[in-house]
1. Report the charge-dipole magnitude of the chain in Debye, nearest 20, computed about the Cα centre from +1 at each Lys and Arg Cβ and -1 at each Asp and Glu Cβ.
2. Please list the equivalent ellipsoid semi-axes of the range 26-68, computed as the square roots of five times the alpha-carbon gyration tensor eigenvalues, in descending order and whole angstrom.
3. Using Cα positions and a limit of under 23 Å, work out the lysines in reach of residue 165, with same-chain residues fewer than 8 apart set aside.
4. Which FRET efficiency, nearest 0.05, do residue 84 and residue 34 yield, Cβ-Cβ r, R0 22 Å?
5. Which ³J(HN,Hα) values, rounded to whole Hz and listed in residue order, are derived for the range 83-89 from phi using the Karplus coefficients 6.51, -1.76 and 1.60 in 6.51 cos²θ - 1.76 cosθ + 1.60 with θ = phi - 60°, glycine and proline given as x?
6. Please compute the modelled spin-label separation between residue 135 and residue 20, points set 7 Å along Cα→Cβ, answer in nm with one decimal.
7. Take each of the peptides 116-124, 67-75, average the number of other beta-carbon atoms within 10 Å over its residues, and list them starting from the highest.
8. Please report how far the C-alpha centroid of the range 64-113 lies from that of the range 122-156, rounded to the nearest whole angstrom.
Amino acid sequence: MVDFKNLKATLESRGYGVTCFDTAAAAADYLDESIDDKTVGFGGSVTLEQMGLYDRLALHNEVFYHNRLPGGKMADAVRREANAAQIYLSSVNGLAETGEIINIDGSCNRVASILFGHEKVYLIVGENKIAKDYDAALWRARNIAAPKNAQRMKAKTPCAKKGDKCYECSSPYRICRALSVLWESPFRSDFEVILIHEELGF
């Protein structure tokens with residue numbers, strides 16, 4: 001089990017708020033209580049799906065999520081609405097115990113939304129996303145998270161076929177189009193990292 005006490009202190013030294021939970025259910029309760037009467041954007045995330053956050057938050061917020069399209073709306077329009085929301089929720093592809101937060105993206109709506117524009121950003125992290133240092137977190141993002149997400153999206157890429165590693169492909173269907181690294185909490189927004197002692201997402 002990851003030592004959340006030390007990781008929490010490291011993240012706080014880099015400007016993040018940090019809240020720790022033993023279970024995803026407890027974290028979902030916290031977020032449901034904390035976010036009320038807001039516009040809320042969701043990044044594409046198996047973690048958020050597993051926690052049931054869309055259904056809970058949509059009861060008392062206006063939630064924009066491109067995987068849950070309202071009648072008549074296109075996914076890109078909903079991505080733009082999510083980008084302009086007051087609150088943004090996402091998971092991450094890798095979190096280093098040294099404090100770096102790594103994401104890889106295809107359409108890049110998720111990394112764009114994390115980086116700027118919201119009153120508050122919540123980054124929700126299961127302990128399986130945590131790696132020893134920056135190099136290990138980057139390796140995880142490229143060789144564990146990306147192939148599993150490519151498989152989930154049925155991408156026609158070498159990593160999706162085998163699901164075992166990054167093949168440095170040049171496929172037109174490649175989902176690894178951008179890499180973002182948060183070295184510290186960005187200016188002009190409130191960032192909170194939610195650490196959960198369970199395996200969640202990829």
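1. So the dipole magnitude of the chain works out to roughly 1160 debye.
2. The answer is 15, 13, 7 Å, longest axis first.
3. 129, 132, 148, 154, 156
4. 0.60
5. Per-residue couplings from phi come out as 5, 9, 6, 5, 10, 10, 10 Hz.
6. Here the modelled spin labels are 2.7 nm apart.
7. Values: 116-124: 20.6, 67-75: 10.3.
With the highest mean Cβ count within 10 Å placed first, the list reads 116-124, 67-75.
8. 15 Å
Bear in mind that the values in this text are calculations on the coordinates, not laboratory data. Keep in mind it's a predicted model, so treat the numbers as computed, not measured. Note that each Cβ is placed from the backbone with ideal geometry, even for glycine, and that neighbours are counted across all protein chains shown.
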